1. Taking the stretch 1-43 as the region of interest, how many residues are of a type in the set (Gly, Ala, Ser) and more than 26 Å from Thr115 (Cβ to Cβ)?
2. Among (1) among the acidic types (Asp, Glu); (2) touching a Phe, Trp or Tyr at 6+ places or on another chain (Cβ under 9 Å); (3) in a helix (DSSP H, G or I); (4) farther than 27 Å from His40 by Cα, there is one condition Asp290 misses while meeting the rest; what is its number?
3. Restricting attention to the stretch 202-220, and to residues there that are hydrophobic (A, V, I, L, M, F, W, C) and modelled with pLDDT of 95 or more, which single residue is surrounded by the fewest Cβ atoms within 10 Å (Cβ to Cβ)?
4. Could you count how many residues in the stretch 171-189 are of a type in the set (Phe, Trp, Tyr) and farther than 15 Å from Tyr215 by Cα?
5. Just to be sure, is Glu48 over 20 Å from Asp265 (Cα atoms), acidic (Asp, Glu) and not in a strand (DSSP E or B)?
6. Does Leu239 satisfy the criteria of being surrounded by 22 or more Cβ atoms within 10 Å (Cβ to Cβ) and in contact with a Pro (Cβ under 8 Å, 6 or more places away or on another chain)?
7. Give me the strands (runs of 3 or more DSSP E) completely within the stretch 138-188, filtered to those with at least 2 residues that are surrounded by 20 or more Cβ atoms within 10 Å (Cβ to Cβ) and not basic (Lys, Arg), ordered by residue number.
Amino acid sequence: MNLKLKRHLSNPLFGPNPMHLWESRFVFNPAVVYDGKVFHMLYRAQGEDMVSRIGYAVSLDGIHFNRMEKPVFEPSDVSELYGVEDPRVTYINGKYYMCYTAYSPRNIKISLAATENFFMWERYGTILPESPNKDAALFPEKVNGKYILIHRLEPDIWFAYSDDLIHWDNYVKIASPRKDYWDNLKIGAGGPPLKTPYGWLFLYHGVQEDIRPIYRLGFMLLDLKDPTKVLKRTEEPILEPQENWEIFGGVPNVVFSDALVEYGDQYYVYYGGADNYIALATISKKEVFDWIKK
């Protein structure tokens with residue numbers, strides 16, 4: 001059984017805004033959380049200086065978003081000289097924790113910040129020492145008494161563990177690229193995993209080596225009690241570049257997601273297309289659960 005996401009008819013949801021210098025060239029790779037009433041989106045943007053900043057948008061239906069005129073999160077020191085990239089957001093104990101990549105000529109490292117309102121941020125700085133390291137996301141709850149951070153030491157997906165969300169250790173590799181598959185070059189986290197009756201549903205991206213690398217999306221199912229155990233993995237991609245604005249752009253042949261959202265009987269996957277636009281694809285829970293049980 002091959003799962004396929006369905007692109008929303010309104011795609012792309014929005015693109016660069018030439019009136020705002022900070023997001024005039026590219027908008028992409030959004031993180032989205034739904035609080036039961038409102039969809040909150042944090043997205044990566046680049047303008048004339050090509051520095052990555054993070055914008056904020058809100059929606060009542062998950063489709064039509066209103067954007068702020070200014071970024072809500074920007075580089076703060078020389079460790080973020082080239083920007084703050086690819087946010088992934090998890091709600092834990094009353095706060096929204098955002099993992100992001102701090103990018104400079106000297107480092108590509110995982111950093112952490114938290115907010116209660118998406119406008120005022122508490123920065124914790126770099127939380128893992130390795131560089132390059134990126135594609136970080138937090139589990140929404142402790143597992144076996146520990147917080148879990150997903151990260152990517154190329155080309156594999158790893159876990160790290162913590163008691164306090166700040167100090168991390170005990171790295172464990174959980175998944176690697178697969179030879180002769182669509183994810184044969186490198187893999188990385190999509191949005192934070194979602195808990196289901198059957199395991200943790202985990203969205204990830206896979207890169208295939210070609211004339212130019214192709215980025216696609218897939219699912220993994222991780223064991224509820226021991227998420228280092230991969231119970232299932234999609235044989236085929238669930239979404240791949242197909243539309244012109246996914247094939248041609250700032251980085252060609254890319255669909256890249258930082259957000260898997262549970263909404264009613266659907267899963268919403270927000271993604272960036274070729275680093276140019278932000279879009280939405282959906283799939284029913286029934287389809288996913290049928291795949292799990294098959």
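1. Number satisfying all stated conditions: 1.
2. (2)
3. Filtering the stretch 202-220 for residues that are hydrophobic (A, V, I, L, M, F, W, C) and modelled with pLDDT of 95 or more, the one surrounded by the fewest Cβ atoms within 10 Å (Cβ to Cβ) comes out as Ile214.
4. 1
5. Taking the combined requirement at face value, the residue satisfies it.
6. Considered against the rule, which asks whether it is surrounded by 22 or more Cβ atoms within 10 Å (Cβ to Cβ) and in contact with a Pro (Cβ under 8 Å, 6 or more places away or on another chain), Leu239 comes out as no.
7. Hits in the stretch 138-188: 147-153, 156-162.
Rundown of residues vs (1) touching a residue at least 12 places away in the same chain (Cβ under 8 Å); (2) assigned to a strand (DSSP E or B); (3) β-branched (Val, Ile, Thr); (4) in contact with an Asp or Glu (Cβ under 8 Å, 6 or more places away or on another chain), yes/no style:
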{"site": "Gly55", "(1), (2), (3), (4)": "yes, yes, no, yes"}
{"site": "Gly62", "(1), (2), (3), (4)": "yes, no, no, no"}
{"site": "Ser79", "(1), (2), (3), (4)": "yes, no, no, no"}
{"site": "Val84", "(1), (2), (3), (4)": "yes, yes, yes, yes"}
{"site": "Thr101", "(1), (2), (3), (4)": "yes, yes, yes, yes"}
{"site": "Ala114", "(1), (2), (3), (4)": "yes, yes, no, yes"}
{"site": "Phe119", "(1), (2), (3), (4)": "yes, no, no, no"}
{"site": "Tyr124", "(1), (2), (3), (4)": "yes, yes, no, no"}
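The values are calculated or read from the model by the stated rules, or taken from the named source; none is laboratory data. Small disclaimer: the values here were computed from a predicted structure and weren't measured. Cβ atoms come from the backbone with ideal geometry, glycine included; neighbour counts cover every protein chain shown.
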